[in-house]
Amino acid sequence: MLGPNGAGKTTLFNLITGVLKPDSGKVVFKGEDITGLPPYQVCRRGISRSFQVVNVFPKLSVFENVQVSVLSRQKRTWNLFTPSAKLAIAETDRILGDVGLMDIRDGTSAALSHGERKVLEIAIALGGNPEFLILDEPTAGMSPEETTRCIDLIKQLKERLGITILFCEHDMEIVFSISDRIMVMVRGSTIIEGTCDDVRCCQEVQDAYLGGSDACLM
C-alpha cells in the first residue's frame, strides 16, 4: 500500500485489525465477516500486524517477547504447573531463526537498535501464526543497510512461509521492488489498485507524488 502522509493507510489497518470500528462497510476475511471484532479475536482468525511505532516489551528478552506471543496464541498463559521458561521453546526459536535474531535471543529488547526492534516486532507478529501479516511502515527510521535487510526478510518470509503480506510505505522504490500488487491511497480514498506497471504510469499517482508528470515513475 502506497500513500502520502494522511492518506489513511494506518487507519485502514486499524479497521482491518479491530482497533477501530467502521462507520459503514464490512471487513471480510476468508469469507467471514469480522467487522468490529476486538483485536484479539481478529488475531486468532489468522491476522497479525506490526505497528508504525515500535511496540515491544523492553524489559523482556528477545526470546521472551516472541514466546509471549506464541503462548498467547496457544492459550497457555495460565498454566500453573509448568514454568513458562519451558514452554514453546522450539517454536519460538524457529521464529527467531526465520527473522535472523537467534544470535541475540537472550539479550533484552531495550538494548536493541531501532532496526532490530522493528524486526523483533515482526517476529512477535509471526508468533500468532498468521495467514495474513500486516506491516505498518516496517522500514521507517531504518538506515539504508537495515532497510535492505528488512526488505530481504519480507521477501524471504513470503517465499518460505507462504503467507500473504500487506505493508504500507512512503518510499515508492521499496514498494516497487517487493510488491506483486499495489494499492494507492490519497486522502482516504483508493485511486488505483493494480500491478507495479499499472501504478507507475497512473497519472493520478504522478499528480499525488510529483505534482503531475508525463513520464512513468521509475
- Note on the structure: The condition of being loosely packed, with under 15 Cβ neighbours inside 10 Å, closer than 30 Å to Glu204 by Cα and at pLDDT 95 or above holds, among Val53, Val28, only for Val28
- Message: Suppose the filter is crowded, with 16+ Cβ neighbours inside 10 Å and among the basic types (Lys, Arg); does Lys9 pass it?
- Response: yes
- Task: Give just the number: which of (1) at pLDDT below 95; (2) among the charged types (D, E, K, R); (3) exposed (fewer than 14 other Cβ atoms within 10 Å of the Cβ) does Asp33 not satisfy?
- Result: (1)
- Query: Which residue pairs have Cβ atoms closer than 7 Å, lie 6 or more positions apart in sequence or on different chains, and pair a first residue in the range 107-123 that is under 16 Å from Leu60 (Cβ atoms) with a second residue that is among the small types (Gly, Ala, Ser) and in a strand (DSSP E or B)?
  - Reply: Gly107/Ser61; Thr108/Ser61
- Task: Working only within the range 7-62, note down all residues that are assigned to a loop (DSSP other than H, G, I, E, B), over 21 Å from Ser109 (Cβ atoms) and β-branched (Val, Ile, Thr).
- Result: Thr17, Val19, Val27, Ile34, Thr35
- Quick one: would you say Leu71 is under 25 Å from Thr17 (Cα atoms), assigned to a helix (DSSP H, G or I), more than 13 Å from the chain's Cα centre (by Cα) and modelled with pLDDT of 95 or more? no
- Note on the structure: Note on Met1: of the conditions (1) in contact (Cβ under 8 Å) with a residue 60 or more places away in the chain; (2) closer than 17 Å to Lys118 by Cα; (3) of a type outside the set (Gly, Ala, Ser); (4) buried (at least 21 other Cβ atoms within 10 Å of the Cβ), unmet is (2)
- Close pairs from the range 129-143: first over 12 Å from Val119 (Cβ atoms) and without any contact (Cβ under 8 Å) to a residue 60 or more places away in the chain, partner β-branched (Val, Ile, Thr) and surrounded by 20 or more Cβ atoms within 10 Å (Cβ to Cβ), Cβ under 7 Å, at least 6 apart: none
- Note on the structure: When (1) under 30 Å from Pro58 (Cα atoms); (2) surrounded by 19 or more Cβ atoms within 10 Å (Cβ to Cβ) are applied to Val205, the one that fails is (1)
- Given Gly100, Gly128, Gly141, Gly115, which one is farther than 27 Å from Met172 by Cβ and among the small types (Gly, Ala, Ser)? Gly128
- Query: If we scan the range 152-168, do we find a residue that is over 28 Å from Lys30 (Cβ atoms), touching a helix residue (DSSP H, G or I) at 6+ places or on another chain (Cβ under 9 Å) and of a type outside the set (Lys, Arg)?
  - Reply: no
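The values are calculated or read from the model by the stated rules, or taken from the named source; none is laboratory data. Just so we're clear, the structure is a prediction, and the values are computed from it rather than from any experiment. So basically every Cβ, Gly included, is an ideal-geometry build from the backbone, and we count neighbours across all protein chains shown.
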